[in-house]
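For reference, the structure discussed in these notes is given below.
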Amino acid sequence: MSFPVPTDEQRAAIDHRGGVLRVLGSARTGKTETATAIVLDRIRTGEVGTDQVLVLASTRQAAAGLRRRIMAELGGTATAPIARTAASLAFGVLRAGAALVGDPPPRLLNGPEQDVVIRDLLAGHAAGDVTGPDWPESVLGALPTRAFRAELRDLLMRAVENSLGAADLVELADRHGVAEWRAAAVLLEEYDRVTALASPGAYDPAWIVAAAAEALRTDAALAGQVRAGLRLIVVDDAQELTPGAARLLATIVGLASPQPLDIVLLGDPDSGVQSFRGADPAILAGGAAAPLDWTTLSRTGAATTIRLRTAYRPDALLAASRRVASAVGSVGEVAHREVVPADPRAKGTVETHLLRTPSAEAAYVAARIREAVLLDGRRWGDIAVVVRGGRRSDSIRRALARADVPVAADVAEVPVRDEPAVRPVLQLLRAVLGAADGDDQGDLTPAVVVELLGSRVGGTDAVQLRRLRRGLRRIELAGGGGRPSDDLLVEAIRHPIVLQEVGIEATGARRVAAAYRAGLDVVAALDEEGRPVARRDVLVEDVLWSIWSALGLADRWRATALAGGAHGARADRDLDAVLALFAAAARFTDRLPHADPMAFLEHVEEQELPGDTLAVRTPEGDSVAVLTPAGAAGRSWPLVIISGVQDGVWPDTRLRGQLLRSTELVDRLRGRDWSWRSAAAAVRHDETRLFHVAVTRATEHLIATAVRDETEQPSPYLDLLEPGGVQDREPTEVSRPTTSRELVAWLRQNLMAAPTGDPDPAVAAGLARLAEAGVAGADPEQWWALRDTTSARVLLPRDVAVDVSPSRIQTFEDCPLRWLLTTRGGDGPPVGSSALGTLVHDIARDLGDAPTERMAAEVNARWGLLGLTPGWVSDRTRALAHDMVERLGAYVEQARSQGWRAVGAEVSMRVALDRAVLRGQVDRIEADEQGRVRIIDYKTGSTATRKADLPRHAQLGAYQVALGAGAFDKHLTEVGLDVGERGPESAGAALLQLGKAAGRRGAGFEEQRRLDDDPDPRWAHALIEATAEGMSSGTFEARPEEQRCQRCPVRRTCPAQPEGASLA
């Protein structure tokens, strides 16, 4: 909808002259258009010149938009900005004052810079360098924290906005018995002195507005110059006025001048996104507790209110916004809520949907957006997704990217520190600064290295990281070391020469290491002993540039961005974020030229809000906007989706400023009785105003979504949009495909669900059309289930012997497919209990039948070989290893008492049996006084063998076959055992349970009788031959069994499991 001609109310506002005019209207009633028309009318009639008009906006972006609109209509230029913010106006006043007396121009401090000063003051107090305030005991523990500084900064800003000095704050503290305010007053006075000395002419936004008002009151020459150039002041979005900005306006109006000055305030008291900066809608609404009565801005005493009654939105959206507005506490004016649609026939819809999970919610949002574009003919730029906070947008952005939805890269929606492309650069900066200060590793911890490798700049996925760890451990063990892989990762970044011996999996690590070294070379030099010494007067811009250049990502990301698509959009955002970081570094250096790089790092990391930057960014193009209410304010879209409307998230009813009671300070100044209930109500009203802003961004269709599950519940705000009881609503299912991939999957699912031989012709035709268009997965030739066998050849020809490991026979017998896949890499690297078992086996081999105490000491000596990170997991695993060697020692003593002695440990064997060749090692060979021999196999796992399975245990049977075939004759002869012509007499074989399977009764001894005593003495021979034939064949069967399949490492590639069904 547009505004073809002014309404009667708009025409009355345009024609109004004299005094102060207040124009109230709900969203989309044409307030900004009215403000523009008022300015244009005065200029075109010659009543004022462009340099005699001042338009105030709530943000720099809004001010820029008003300037472009007005100057485009006029077709000219102005010598001064015609539209600006209150802080910009104050800055201009102070700059004019400085020029009158020949002082340098003022400088605007931002919040992080202010925080640096406060942090240094508090640190000086804590160190005893300066006597600090007498803080109450309730806040002493919080003094060193960032949260305390944020609360203190907020309290000081509220005080300054309300024209309170240190003495005023002390008086209020004594009157109301608030010790926190008295202590803050001392720090406020100290802060003023320090900033005046260290940064003369520097102001933060709250101070600069108050300073400008004070300058106008005390400097007659400045007051005359400012007032002489003004005939009209128009304030758009006046509900965002702070008390300080309102007082500055009042000061300007009160200046003596023969020229009349008209004031026009336009806004909606039910909306607001700047309350966290002290904005007070009561100023515009004329509430009883407002810090300033808007009618006092009139010098003539004339004060008029005009309410815009025509809204350019459909009636359904107007009704929803009225219900939301009714939940906002009245601050003096509600009549503006009653509006009528400009076009009663205009169609609009309001929908609310509950989803089962957050991922389903994100998928539903993506589906509705694609439906709007593909089916309803919308442009991507016609759609916006509004979320409560920046972090909530991440899942939405990922879901939209998966659905091939272009998303506008809005760097300002999150602090620069939180951008995925910036975070690793800042981590590298902190690491090199720490190393330059003499710390061997700085902040380069294993966790940081892993995060760096997996970040945008590292590009190392989980598989590559695992291979890198294995490669570094292999090199470490080959060199006789035993450090864990965590330590080796850190060492590889600090000294990357070892990465030359690792393959492609170390690509990301080499890039990170190069950036770390480049940054360190800038911030530190080596002394005579080769230790890094921090350089003086290093600029943070130089350090960041060296790190970024060494990463070598600029050209790659640029090429990806130019290629377009989802990856291109991400590269766009990443490059924008890096530009914003360098812009922030440049501003920091300009403002604090003597601050060290660590101060900049803390400056950036402590930014809780998006920075306001003029850095060049990628044009949005035709894309969906994902933003917060603050980012959406002043804009509109035909379709708006409000996502994540959860209880506890929206409204977020956590009380603000309670530690130092800043909200109570404002209430006391307004003469309001303060209580926890009133504070909670104020927060709730602010949250509702935010929601009202989000709701009123839609001009045709509004959709709100939330999740309802065991942990999350929808917000009561949904009932305001669509009354009817949130809890009674059925969840919305995400079923309609909106991408080619989803459509192919949906069609194939329906095709497979049809009765055999009777598919739906429409489904088949749809797949055929998609296949003709080249959509992946649509052509039946690409379906695994319909593919012919690629090869039926056997693994080994008939005339080739087959190596058979006794330990693998049972695995093959249980599931031939699992044997095939795990013997070809499906098992992965040894971890956890398998690595622990290897350690215990090695100790048993190397120490023989040593005393338990010695084996326990050897466990401790070799513990580093496992590479476990120190902590409770490592301690628990070590205790388990001690239990294992204790059970082994107990068994050795027991066996010795029964006449058995060890005659071999880790003895290799190889013996041919027809086609099969038994190959492997046995853990322990024992002999008794009669020369009988038995084989012992150590088990360090947690699962015991069933008693019924022991007589035909495949591994033990294979060992007995090998013993009878002479596999150990040579070894037994070498240790002095007489094997005779027929070989040694077998005494059977046994499993020795050393792990948790042994229970509390010591080592579990599970014995298998001699093969000759079995009813079928040849059962093991037959099993070995059958296994050899199966292992060499061309077909491997999957044999599902519930317990085995739960622990199977290759179930994702098994056609008998749901995960691998597509391979069937």
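Looking only at the range 39-55, decide whether some residue is β-branched (Val, Ile, Thr) and within 22 Å of Ala335 (Cα to Cα).
Step one: filter the range 39-55 for residues β-branched (Val, Ile, Thr), giving 39, 43, 45, 48, 50, 53, 55.
Those left that are additionally within 22 Å of Ala335 (Cα to Cα): none.
Checked against the condition, which is being β-branched (Val, Ile, Thr) and within 22 Å of Ala335 (Cα to Cα), the range 39-55 yields no hits at all.
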Next on the checklist: Checking Val979 against (1) of a type outside the set (Lys, Arg); (2) in contact (Cβ under 8 Å) with a residue 24 or more places away in the chain; (3) in contact with a Ser or Thr (Cβ under 7 Å, 6 or more places away or on another chain): exactly one of these is not met. Which one?
Outcome noted: (2)
Checklist outcome for this item: Filter the range 1014-1064 for residues that are in contact with a Ser or Thr (Cβ under 7 Å, 6 or more places away or on another chain) and surrounded by 14 or more Cβ atoms within 10 Å (Cβ to Cβ); the one that is farthest from Ser986 (Cα to Cα) is Leu1063
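Do the conditions hold for Gly102, that is, is it assigned by TED's automatic domain parsing to the domain that holds Thr251, under 25 Å from Arg587 (Cα atoms), in contact with a Lys or Arg (Cβ under 8 Å, 6 or more places away or on another chain) and surrounded by fewer than 21 Cβ atoms within 10 Å (Cβ to Cβ)?
On the way: assigned by TED's automatic domain parsing to the domain that holds Thr251: yes; under 25 Å from Arg587 (Cα atoms): yes; in contact with a Lys or Arg (Cβ under 8 Å, 6 or more places away or on another chain): no; surrounded by fewer than 21 Cβ atoms within 10 Å (Cβ to Cβ): yes.
When the stated conditions are applied, Gly102 does not pass them.
Answer yes or no: is there a residue in the range 802-821 that is of a type in the set (Lys, Arg), within 27 Å of Gln1057 (Cα to Cα) and loosely packed, with under 13 Cβ neighbours inside 10 Å.
Our first condition is that a residue be of a type in the set (Lys, Arg); within the range 802-821, this holds for 808, 818.
Next, from what is left, pick out any that are within 27 Å of Gln1057 (Cα to Cα): 808, 818.
Pick out the ones that are also loosely packed, with under 13 Cβ neighbours inside 10 Å and you get none.
No, there is no match, as no residue in the range 802-821 is of a type in the set (Lys, Arg), within 27 Å of Gln1057 (Cα to Cα) and loosely packed, with under 13 Cβ neighbours inside 10 Å.
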Checklist entry - Restricting attention to the range 387-401, does a residue exist that is at pLDDT 85 or above, in the same structural domain as Ser359 (by TED's automatic domain parsing) and among the β-branched types (Val, Ile, Thr)? => result yes
Checklist entry - From the set of residues in the range 66-89 that are in a helix (DSSP H, G or I) and touching a strand residue (DSSP E or B) at 6+ places or on another chain (Cβ under 8 Å), which is surrounded by the fewest Cβ atoms within 10 Å (Cβ to Cβ)? => result Arg67
Item to check | Every residue from the range 607-654 that is modelled with pLDDT under 85 and in contact with a Leu (Cβ under 6 Å, 6 or more places away or on another chain) | outcome: Ala615
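Counting residues that are surrounded by fewer than 17 Cβ atoms within 10 Å (Cβ to Cβ) and under 25 Å from the mean Cα position of the chain (by Cα), which helices (runs of 4 or more DSSP H) fully inside the range 529-603 reach at least 2? Talk me through it step by step, then tell me what you get.
Values: elements: 540-551, 554-563, 565-591.
The qualifying helices (runs of 4 or more DSSP H) are 554-563, 565-591.
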Checklist entry - Which of the residues that make up the range 497-520 are more than 14 Å from Arg456 (Cα to Cα) and surrounded by 19 or more Cβ atoms within 10 Å (Cβ to Cβ)? => result Leu499, Val502, Glu505, Ala506, Ala513, Tyr516, Ala518, Gly519, Leu520
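Tally the residues that are out of contact with any Ser or Thr (no Cβ under 7 Å at 6 or more places or on another chain) and either modelled with pLDDT of 85 or more or assigned to a helix (DSSP H, G or I) (or both), restricting the search to the range 207-240. Before you say what the answer is, go through the steps one by one.
Going residue by residue through the range 207-240, those that are out of contact with any Ser or Thr (no Cβ under 7 Å at 6 or more places or on another chain) are 207-209, 211-212, 214-215, 218-226, 229-235, 238.
Still in the list and also either modelled with pLDDT of 85 or more or assigned to a helix (DSSP H, G or I) (or both): 207-209, 211-212, 214-215, 218-226, 230-235, 238.
The number of residues fulfilling the criteria is 23.
Assess whether Arg456 counts as being at pLDDT 85 or above, basic (Lys, Arg) and either in a helix (DSSP H, G or I) or crowded, with 18+ Cβ neighbours inside 10 Å (or both).
On the way: at pLDDT 85 or above: yes; basic (Lys, Arg): yes; either in a helix (DSSP H, G or I) or crowded, with 18+ Cβ neighbours inside 10 Å (or both): yes.
Judged against the criteria, Arg456 is a match.
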Checklist entry - If a residue has to be touching a strand residue (DSSP E or B) at 6+ places or on another chain (Cβ under 6 Å), surrounded by 14 or more Cβ atoms within 10 Å (Cβ to Cβ) and without any contact (Cβ under 8 Å) to a residue 24 or more places away in the chain to count, how many in the range 864-922 make the cut? => result 1
Next on the checklist: Taking the criterion of being out of contact with any Leu (no Cβ under 9 Å at 6 or more places or on another chain), in a loop (DSSP other than H, G, I, E, B) and either free of Cβ contacts under 8 Å to residues at least 60 places away in the same chain or not assigned by TED's automatic domain parsing to the domain that holds Gly19 (or both), would at least one residue in the range 297-304 satisfy it?
Outcome noted: no
Next on the checklist: When the residues of the range 371-396 are narrowed to those that are basic (Lys, Arg), touching a helix residue (DSSP H, G or I) at 6+ places or on another chain (Cβ under 9 Å) and surrounded by fewer than 23 Cβ atoms within 10 Å (Cβ to Cβ), which ends up nearest to Pro629 (Cα to Cα)?
Outcome noted: Arg391
Next on the checklist: If the requirement is being surrounded by fewer than 19 Cβ atoms within 10 Å (Cβ to Cβ) and without any contact (Cβ under 8 Å) to a residue 40 or more places away in the chain, which of these qualifies: Pro136, Pro144?
Outcome noted: Pro144
Item to check | Leading residue by the ranking (surrounded by the fewest Cβ atoms within 10 Å (Cβ to Cβ)) among those in the range 105-127 that are modelled with pLDDT under 75 and in a loop (DSSP other than H, G, I, E, B) | outcome: Asn110
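Could we say that Ser138 is of a type in the set (Ser, Thr, Tyr), at pLDDT 80 or above, out of contact with any Leu (no Cβ under 7 Å at 6 or more places or on another chain) and under 30 Å from Ile43 (Cβ atoms) here?
Numbers: of a type in the set (Ser, Thr, Tyr): yes; at pLDDT 80 or above: yes; out of contact with any Leu (no Cβ under 7 Å at 6 or more places or on another chain): yes; under 30 Å from Ile43 (Cβ atoms): no.
Spelling it out, it is not the case that Ser138 is of a type in the set (Ser, Thr, Tyr), at pLDDT 80 or above, out of contact with any Leu (no Cβ under 7 Å at 6 or more places or on another chain) and under 30 Å from Ile43 (Cβ atoms).
Evaluate the following for Leu433: is it crowded, with 20+ Cβ neighbours inside 10 Å and either modelled with pLDDT of 90 or more or outside any helix (DSSP H, G or I) (or both)? Can you show your working first?
On the way: crowded, with 20+ Cβ neighbours inside 10 Å: yes; either modelled with pLDDT of 90 or more or outside any helix (DSSP H, G or I) (or both): no.
No; evaluated as a whole, the condition is false for this residue.
Find the residue count for the range 461-479, including only residues that are under 26 Å from the mean Cα position of the chain (by Cα) and in a helix (DSSP H, G or I).
Restricting attention to the range 461-479, the residues satisfying the condition of being under 26 Å from the mean Cα position of the chain (by Cα) are 461-469.
Of the ones still in play, those that are also in a helix (DSSP H, G or I) are 462-469.
Qualifying residue count for the region: 8.
Please find, among Val416, Val334, the residue that is within 30 Å of His603 (Cβ to Cβ) and modelled with pLDDT under 85. Step through it out loud before you land on a result.
Numbers: Val334 fails: within 30 Å of His603 (Cβ to Cβ).
On inspection, the qualifying residue turns out to be Val416.
Only one of Arg182, Arg84, Arg149 is within 26 Å of Ala238 (Cα to Cα), among the charged types (D, E, K, R) and not assigned by TED's automatic domain parsing to the domain that holds Met598. Can you tell me which? Spell out the reasoning first.
On the way: Arg182 fails: within 26 Å of Ala238 (Cα to Cα); Arg149 fails: within 26 Å of Ala238 (Cα to Cα).
Arg84 is the lone residue from the list that is within 26 Å of Ala238 (Cα to Cα), among the charged types (D, E, K, R) and not assigned by TED's automatic domain parsing to the domain that holds Met598.
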Checklist outcome for this item: Here the residues within the range 965-974 that are closer than 20 Å to Asp803 by Cβ and either of a type in the set (S, T, N, Q) or surrounded by 22 or more Cβ atoms within 10 Å (Cβ to Cβ) (or both) are Ala967, Phe968
Checklist entry - Just a yes or no: is a residue in the range 311-322 over 33 Å from the mean Cα position of the chain (by Cα), surrounded by fewer than 19 Cβ atoms within 10 Å (Cβ to Cβ) and not aliphatic (A, V, I, L, M)? => result yes
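The values are calculated or read from the model by the stated rules, or taken from the named source; none is laboratory data. Here the structure is a predicted model, which means the values were calculated and not measured. Using ideal geometry, Cβ is built from the backbone for each residue, glycine included, and neighbour counts are taken over all protein chains shown.
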